[in-house]
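The values are calculated or read from the model by the stated rules, or taken from the named source; none is laboratory data. This structure is a prediction, so every number in the text was calculated from the model and none was measured. Counting neighbours? That spans all protein chains shown, and the Cβs are built from the backbone with ideal geometry, glycine included.
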Amino acid sequence: MTVAAGIGYVLLALGPSLSLFVAVISKKPFLILTLLSSTLVWLISLIVLSGVWRAFLPLETTAWWPYGILILTSVVFQEGIRVVFWRVYKRLEDMLDAFADRVAKPRLFLTDKMQIALAGGLGHGLAHAVFFCISLLTPAFGPATYYVEKCSQIPFFLVSAIIALAFVTIHTFSMVIAFNGYAEKNRLDQLFVPIVHLVAGMMTLINLATGGCIVGIPLLYFMAMLTLLYCGQMVWKRLTENQSRH
Amino acid sequence: MDGGSILESIGVEIIGVMSPVSICMLLVVLLVSSLSSPSSITSSSIRTAANLVYLETPSDSTTQKLQGALLNALVFVLIITAVTFLLVLLYYYKFTNFLKNYMRFSAFFVLGTMGGSIFLALIQHFSIPIDSITCFILLFNFTIVGVLSVFSNGVPILLRQGYMVALGIIVAAWFTSLPEWTTWVLLVALALYDLVAVLAPGGPLKILVELASSREDELPALVYEARPTVSRNREGSSLGLLVGGVSESSSVELQVVARENDTVGDSEHRVIQIGEDGISREGETSPTVNNGRERRSSSTESSEYSVDVSGDRNRQHNSHVGSEIAVDEERAPLVEMLGYREGTERGGSETSGVIATRGIKLGLGDFVFYSVLVGRAAMYDLMTVYACYLAIISGLGCTLILLAVCRHALPALPISIILGVVFYFLTRLLMEPFVVGTSTNLMMF
């Protein structure tokens, strides 16, 4: 993989996040801090998971179900982390509001809350892309590239960048959905997020079959689009409601 | 969209510190990963104050390495302590001018020789076509501007910040040539030393900082100032959420002693002593507010390190002059919280909890050792770099918040370094096999 290809893959995986970062996050220091802490939380969850699974790896079998269990536990654990993250955020929101009162500034707007959720989600997505895609990419600069046996049509790095992009999208916007669901106590939103995450994770199991990535990746992108649309529709609804209330 | 939102004002100062640290770490990682790959074998024989006792070789057993590394770290910390006390003594007897000039001199040498050799390595590595005269003139100008910008007041703050980061990068890049075990033990030892020197009664940095604040004087040290480069109205300081307005400044003092003893053969001895005490706290004149609103919650944190980097550079450059340059550099990052009102800038109408802050200052020592950790991690793999970066940055954030909460002198190194080391080993031992195993099967979640 040459340097040009490497940069291309990085931009493929992180380009949308980068523009989101520049456009929304980078102007507000608090959002950057949220992003960093959420990235750290995701990293910690990954370390804990790998600590648990370290004893069983590498999986020798060719059967798919151990991987299924792995993904199931990982997703369940990470969704648990998301609830914790929400609790912490809730506290923080109260503190922020109290602080805003003290300095005679307006409290958090609805858009502010959504931006915080977006930054949190982007942190998760960023951590995913960095650890699953970029960190494998960067040591591999050189004249050759790498193909996986099961997906021999496309270079491995390209596939992982494409998958990472889908997951970045899912992570980013499902955090917005989840926070909104928790705030509104909307059962549907609360359930939507783990289900999407789990389904998307399970879809990567298709890649275990030979040539499975041809099928798996479009399905994954379907989930990403679903998340995006759902999030967009939900945000639109909230904003118009909010507007009409004033 | 939400112009008045408090999201924009909270955390400005933290970001103001984090971004230069990030830049410094990024550049060190780039430098290390671009330079170390081809020349990783050649730079192994460097002897510095950090490995005076024991030179690590890959063939040694683990216990040997551990013992040697511990001894190295012990000696190193002892040297630092001695130099720090010397510095405190000098400061106590008001040799301020001497200290300043000493620091100028050492900044000159750090930029000129250590920086020069790094530039040389870069030029060689990327085979940049440049003749020696041009290179020398450029280097000389770079160095002179650096010396001027670090210590005088008339220089744009951006330039000064840039040179601070450059100094950090250069020193950190030198440190990464230490052997692996020594580096890790040394980092932990320095973190512990930092803790003691700042917090323990009678710790040298504590004395230094108290002395400086009782004299209302500048600290004789090199610090990075995160003052806003553009004047912006800073109502409601960002830390104020937790802090009620505290600015932290830390200063670092960099002292470089270079001596050359001929270990190889020839009879050239030069003894160069570089001491560098940069004071970059210019804004800290006593607050102009006269009424009771002036509030000074000054807690200072300082830490000081000294390092002896002695490289046999003549071995590299010309073979028959054997010389060793020992660069002893001592830095004291001092984090000092001075929260007070800038009465001139702000109308008197503030609510009680908010105090204008002058911006956070971070010691150059913190820059260097954060970057050393990340640079060392970069020699293994980049996954560890990302993990260490996150750990260090969050440690820094924790330190800042703690500082704001305790209003008390806190060392900036321990939390970050300990987190960084822990994350490095966790990532290396646990996470990497897991992530590589799953993602080469194209499984992600």
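Data for the structure
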read-out: Some residue of segment B:405-412 being at pLDDT below 70, within 14 Å of another protein chain (Cβ to nearest Cβ) and under 22 Å from the mean Cα position of the chain (by Cα); value: no
read-out: Count of segment B:369-397 residues which are under 16 Å from the mean Cα position of the chain (by Cα) and either within 17 Å of B:Leu35 (Cβ to Cβ) or acidic (Asp, Glu) (or both); value: 5
read-out: From A:Ala200, A:Ala183, A:Ala178, A:Ala164, residue being within 12 Å of chain B (Cβ to nearest Cβ), over 25 Å from A:Ala5 (Cβ atoms) and either surrounded by 24 or more Cβ atoms within 10 Å (Cβ to Cβ) or modelled with pLDDT under 90 (or both); value: A:Ala200
read-out: Search result, residues across segment B:378-415 that are without any contact (Cβ under 8 Å) to a residue 60 or more places away in the chain and part of a helix (DSSP H, G or I); value: B:Met383, B:Thr384, B:Tyr386, B:Ala387, B:Cys388, B:Leu390, B:Ala391, B:Ser394, B:Gly395, B:Cys398, B:Leu402, B:Ile415
read-out: Some residue of segment A:137-153 being within 12 Å of chain B (Cβ to nearest Cβ), free of Cβ contacts under 8 Å to residues at least 24 places away in the same chain and under 16 Å from A:Val75 (Cβ atoms); value: no
read-out: Some residue of segment B:32-43 being out of contact with any His (no Cβ under 8 Å at 6 or more places or on another chain), surrounded by 14 or more Cβ atoms within 10 Å (Cβ to Cβ) and modelled with pLDDT of 85 or more; value: yes
read-out: Number of the condition not met by A:Ser50 [criteria: (1) surrounded by fewer than 20 Cβ atoms within 10 Å (Cβ to Cβ); (2) at the interface with chain B (Cβ under 9 Å from one of its Cβ atoms)]; value: (1)
read-out: Matching option when the condition is within 12 Å of chain A (Cβ to nearest Cβ), at pLDDT 85 or above, farther than 30 Å from B:Ile170 by Cα and in a helix (DSSP H, G or I), among B:Leu430, B:Leu426; value: B:Leu430
read-out: Residue list for segment B:108-133, restricted to those being hydroxyl-bearing (Ser, Thr, Tyr) and either at pLDDT 90 or above or under 19 Å from the mean Cα position of the chain (by Cα) (or both); value: B:Thr113
read-out: A:Leu137 vs. criteria touching a Gly at 6+ places or on another chain (Cβ under 7 Å) and part of a helix (DSSP H, G or I); value: yes
read-out: Condition met for A:Ala5 (surrounded by 14 or more Cβ atoms within 10 Å (Cβ to Cβ), touching a Cys at 6+ places or on another chain (Cβ under 7 Å) and in contact (Cβ under 8 Å) with a residue 24 or more places away in the chain); value: no
read-out: Output for segment A:149-207, where each listed residue is among the β-branched types (Val, Ile, Thr) and outside any helix (DSSP H, G or I); value: A:Ile154
